[in-house]
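Visitor: I am attaching a structure below and will ask some questions about it afterwards.
The values are calculated or read from the model by the stated rules, or taken from the named source; none is laboratory data. Computed from a predicted model, the values in this text were never measured in an experiment. All Cβ positions, even for glycine, are placed from backbone atoms using ideal geometry, and neighbour counts span all protein chains on display.
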Amino acid sequence: MVSTSTMLQEGSLTTLSSLTFLTPMFASIFGFLYLGETFAPEQIGGALLTLVAIYMVNYKSIIGEK
């Protein structure tokens, strides 16, 4: 796994900043796993939309690395 300091040194600030949008998603997943919380359909849709948006933001850098 790549650390944030490594990502900053390599200059992928766009990737790093877009990944901060995953924090609420991980909080929801851990709440589901450890606290027995449930997911509403809106939350699942929002999570999927977030993943698609993060992929779209980073798509250019993903292709450029190949």
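Visitor: Among the residues of segment 24-48, which ones are in a helix (DSSP H, G or I) and of a type in the set (A, V, I, L, M)? Don't jump to the end; show me each part of the working.
Guide: Of segment 24-48, the ones in a helix (DSSP H, G or I) are 24-35, 41-48.
Correct list: Met25, Ala27, Ile29, Leu33, Leu35, Ile44, Ala47, Leu48.
Okay, residues lined up against (1) touching a Pro at 6+ places or on another chain (Cβ under 8 Å); (2) modelled with pLDDT of 80 or more; (3) surrounded by 13 or more Cβ atoms within 10 Å (Cβ to Cβ):
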site	(1), (2), (3)
Gln9	no, no, no
Thr15	no, no, yes
Phe32	no, yes, yes
Ala40	no, yes, no
Ile54	no, yes, yes
Glu65	no, no, no
